[in-house]
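Student: My questions all concern the structure below.
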Amino acid sequence: MKTLDKPWVLIAEREITTKLRDKTFIGSTLVMLLIVMVAVILPAILAGKGGPDKIGVIDDAGLKVVQTASVTAGGDGYEATRFSDRPAAEKAVTDGKVKAALLPDADGYVVLGKDRVDSGVEGALREAAAAVGMETNAGKAGLTPAELHAGTKVSLQLLKPGPLPDIVSDFVNIGLALVFYMTALGFGMMIAQSVVQEKESRVVEILAAAVPIRSLLWGKVLGNTVLALTQIVVIAGASLIGLLATDQADILEVVAPVAGWFVVFFVLGFVALAGLWAVAGSLATRQEDLGSTTLPGQMILMIPFFFSVFAGSSAKTVASFVPIASSMSMPGRMLTEDVPVWQPLVAIALLLAATVLIVRMGARLYERTLLQTGRRLGYREALALESK
Amino acid sequence: MLRVAGLTRRFGDHLALDDVTFDVVPGRMTGFVGANGAGKTTTMRIILGVLAATAGEVRWQDKPLTQDVRRDFGYMPEERGLYPKMKIRDQLVFFGRLHGLDPERAAARTEKILGRLGLAERASDVLETLSLGNQQRVQIAAALVHEPIALVLDEPFSGLDPLAVDAMADLLREEVTSEVPVLFSSHQLDLVERLCDDLVVLARGKVVAAGAVSELAAGPTSTYRLVVDGDAGWLRDVRGIQVRDVAGGTALFDVLDGAVEQKILQEALTRGQVLEFGPERVALSDIFREATR
């Protein structure tokens, strides 16, 4: 041996550098990044964290109502803008300088809007006006505000509090399953394509003469696993920045402890499938064959994905132990429910066993079919082949 | 020395190779000829470990050939192929490293070979943008980049014009040192005759002739050719020879008794002008036809 370069390291390296120079790969990663950023930032903007809404007023009473509404909303929800008279306030509303105007009326107030008034704004002003009015009335009747509100406080108590609200849970579950599904499918197809390209261009003959065929397989699996993980880390990093920038850091406290588990489930599931995708590539002789040879791989991904998205909670619990399906559903379950620690451990053990099994069988099939360039082979046919 | 010992390969019921044995001697080019389907490519693929032998083995320096040693071999397969969308410099460096060179050495060797092949200024081009002839050059560069300890070339010159063949043959002579055995198959027999020192002829999976080209071409008997300006019919009456053919002034005969050819030359000179006289070299194509019949 002239040097210490392991062949599978070289193959992995080539796989990675080729992808990093591939404009389609870079482009699709950027698009995914953009989508994630939008998904993280948009809700914050829609939730109105983009600064206080301006409300026009013309007297001190109106000013007090707007201030009360702002305090109720958490401090900086609304900001009062003072106008000299009603026509000036009307003009500001029409020009869009203020969201709405709160004007005195014969029996209380009127909320003035252009073509519509946001129901949130209307509700907040209505509630604040009532509170301010009631306090004033209570003062007249000789009651302090505290006496007025005595016995009316309603607080919330949950018997089985989950880490996240229901609707968020559903999104997180689907989101995590989707991340695995998309990544495994996307990179899976890339692995299959990269294998069949080597068969199509016949370069595989030189590769197989230079290094053991297993090294070729390992190099491809390693290279693409590194790429897939990197892509996920980049996207996770982007969403982290997005969350911090939009003051949603509290979500992180829930997500962070599960992140490590997710990586383990992801890597094991991905490697198992990668072996299968490489076989799909080596069964084919041309790109067009991939449609049929990758079908089993697509099914193995698609069925657990829809299952983990649409199944009921007890079915989901079962799925979170089934290898491959567990990669899609266990991390989500751990985020949204209280899962005892033995459950992910058992799921990982099962997944690990399945990964070893699949990869071993994949390696055997790969070795037997890689140099068969004559025609497309079926899985059953490949199993019956003798080696070389 | 590379030795192929008793190689046998079956594909189902078909016996593709039947006890094939021959040596490829270092520093000598061994031509490997045979009709289509004779088993040349099968033999070469077994040497490179791409295909397994049903029986027999490949030996290197009197030991069974291992994967580690084989990594230092150079191979140009019958079906050409490199990465179409990879730059040729990156490609050659990759193959150099795959065959065990360190990155610096692989880069240096790549520059040298590309320069030698006149492809230096195309080094950053993607392979598929090159002409077929140039792609072929890159292919041979990929087999040579790691300074192989043995070379196996399957039809290395097919599809090349005569000038390109000469350039490639020069490159081979320059790159291949006296320790390197070279086996190359070809159906261009004139080329094999011109380039090769040894010859192995394969027919239907069996070795039917093997040896130095010069010996094989000399033929088993001493056949002479005589061309005179008159009629050469008188040769039929000379003792000690067997006339093969006489047509006007041209005759072909086998010498049975030693030194009788000198007497015939003297006789011919007394009868008139001798235009041509000498031993008849058998063309390789005749050996080939004879052996594979």
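Throughout, read-outs are computed from the coordinates displayed, never taken from laboratory work. Fair warning: this is a prediction, and the values are worked out from it, not measured in the lab. Virtual Cβ from ideal backbone geometry, glycine too; neighbours counted across all protein chains shown.
Student: Roughly what percent of Cα-Cα pairs across the stretch B:2-217 reach past 30 Å?
Tutor: Distances greater than 30 Å cover 22 percent of the Cα pairs.
Student: A further question follows. Using the Cα atoms of the stretch A:120-258, I'd like the radius of gyration and the largest Cα-Cα distance, Dmax, both in angstrom.
Tutor: Here Rg and the maximum Cα pair distance are 29.6, 99 Å.
Student: Which helices, taking whole DSSP H runs in chain A, have alpha carbons extending 24 angstrom or more along the helix axis plus mean Kyte-Doolittle at least -0.5?
Tutor: A:23-46, A:119-140, A:166-200, A:213-245, A:250-283, A:342-369
Student: Per residue, how big is the convex hull around the C-alpha atoms of the stretch B:1-84? Give it to me in cubic angstrom, could you?
Tutor: So the per-residue Cα hull volume is 124 Å³.
Student: Using only alpha carbon positions, build the gyration tensor of chain A, then give the equivalent ellipsoid semi-axes as the square roots of 5 times its eigenvalues, largest first, whole angstrom.
Tutor: 62, 24, 16
Student: Next up: Please report, in Å, the Rg and the Dmax of the stretch B:72-118, where both are computed over Cα atoms only.
Tutor: 10.9, 30
Student: Continuing with the same structure: If every alpha-carbon in the protein assembly as shown counts as one equal scatterer, what log10 I(q)/I(0) does Debye give at q = 0.06, 0.08, 0.10 1/Å?
Tutor: -0.58, -0.80, -1.02
Student: Something else about it: If one computes the Cα centroid of the stretch B:250-277 and of the stretch A:335-388, what distance in Å separates the two points?
Tutor: For the stretch B:250-277 versus the stretch A:335-388, the Cα centre distance is 78 Å.
Student: Please arrange A:L377, B:L153, B:L256, B:L189 by how many other C-beta atoms lie within 10 Å of their C-beta, fewest to most.
Tutor: B:L256, B:L189, A:L377, B:L153
Student: Could you rank the peptides A:257-264, A:283-290, A:246-253 by their average count of other C-beta atoms within 10 Å per residue, with the highest value first?
Tutor: Per-residue Cβ counts within 10 Å, averaged per peptide and sorted highest first, yield A:283-290, A:257-264, A:246-253.
Student: So what does log10 I(q)/I(0) come out to for the stretch A:53-149 at q = 0.12, 0.17 Å⁻¹, using the Debye formula with one equal point on every Cα and no solvent?
Tutor: Here the Debye-derived log intensity ratios amount to -0.37, -0.70.
Student: Can you tell me the convex hull volume per residue for the stretch A:255-366, based on C-alpha atoms, in Å³ to the nearest whole number?
Tutor: Value for the stretch A:255-366: 95 Å³ per residue.
Student: Considering only the other residues whose Cβ falls under 11 Å of the Cβ of B:V213, what net charge follows from Lys and Arg at +1 and Asp and Glu at -1?
Tutor: -1
Student: Quick one: of B:K85/B:K112; A:K97/A:K153; A:K91/A:K153; B:K112/B:K206, which pairs are farther than 32 Å apart, Cα to Cα?
Tutor: A:K97/A:K153; A:K91/A:K153; B:K112/B:K206
Student: If you find the alpha carbon centre of the stretch A:56-129 and of the stretch B:134-172, how far apart are they in angstrom?
Tutor: 86 Å
Student: Give the relative contact order (percent, whole number) for chain B; include only Cα pairs under 8 Å separated by 6+ residues.
Tutor: 22 percent
Student: Let me ask something additional. Where the centre of each part is set by its Cα atoms, how far does the stretch A:15-37 sit from the stretch B:226-241, in angstrom?
Tutor: 84 Å
Student: Here is a further query. Kirkwood hydrodynamic radius, the stretch A:208-311, all distinct C-alpha pairs: what's the number in Å?
Tutor: 16.5 Å
Student: Another one. Can you give the FRET efficiency to the nearest 0.05 for A:V263 and A:T144, using r as the Cβ-Cβ distance and R₀ = 56 Å?
Tutor: After rounding, the FRET efficiency stands at 0.45.
Student: Starting from the Kirkwood radius over alpha-carbon pairs of the stretch B:219-292, derive D by Stokes-Einstein at 37 °C in a medium of 0.692 mPa s and give it in µm² s⁻¹.
Tutor: 257 µm²/s
Student: Can I ask one more? R0 = 25 Å: FRET efficiency of A:A39 with A:V233, Cβ-based, nearest 0.05?
Tutor: Between A:A39 and A:V233 the formula returns 0.90.
Student: Average the reciprocal distances over every distinct pair of alpha-carbons in the stretch B:48-140, invert the result, and give the Kirkwood radius in Å.
Tutor: Kirkwood radius, the stretch B:48-140: 14.8 Å.
Student: Using only the Cα atoms of the stretch A:349-388, what semi-axes does the equivalent ellipsoid have when each is the square root of 5 times a gyration tensor eigenvalue? Give whole Å, largest first.
Tutor: Its equivalent ellipsoid spans semi-axes of 24, 9, 8 Å.
Student: What are the principal axis extents of the Cα atoms in the stretch A:308-364, in Å, biggest first?
Tutor: Principal-axis extents of the stretch A:308-364 (Cα, largest first): 39, 24, 14 Å.
Student: Right, another one. Assuming R0 = 41 Å, what is the FRET efficiency of A:D22 and A:F171, from their Cβ-Cβ distance, to the nearest 0.05?
Tutor: After rounding, the FRET efficiency stands at 0.85.
Student: With a sphere of radius 15 Å drawn around the Cβ of B:T250, what net charge do the other residues whose Cβ falls strictly inside it have (Lys, Arg +1; Asp, Glu -1)?
Tutor: Once positives and negatives cancel, what remains is -1.
Student: In what order do A:M134, B:M76, A:M302 fall by count of nearby beta-carbon atoms within 10 Å, going from fewest to most?
Tutor: Least crowded to most crowded, the residues run A:M302, A:M134, B:M76.
Student: Under 5 Å between amide H atoms, partner at least 5 residues away or on a different chain: which partners does B:L17 have, H built in plane at 1.01 Å?
Tutor: Close amide H contacts, sequence-distant or interchain: B:R9.
Student: Further, regarding this structure: For the protein assembly as shown, what proportion of DSSP beta bridges, expressed in % and rounded to the nearest 5, is antiparallel?
Tutor: Percent antiparallel among DSSP bridges in the protein assembly as shown is about 65.
Student: I've got another one for you. Quick one: of the DSSP bridges fully inside the stretch B:2-217, what percent are antiparallel, nearest 5?
Tutor: 55 percent
Student: Hey, if you drop one equal point scatterer on each alpha-carbon of the stretch B:179-233 and run the Debye formula without solvent, what base-10 log of I(q)/I(0) do you get at q = 0.17, 0.18, 0.25, 0.26 Å⁻¹?
Tutor: Once normalised to I(0) and log-transformed, intensities are -0.69, -0.74, -1.11, -1.16.
Student: Please arrange B:T110, A:T144, A:T183 by counting, for each residue, the other beta carbons lying within 10 Å of its beta carbon, fewest first.
Tutor: A:T144, A:T183, B:T110
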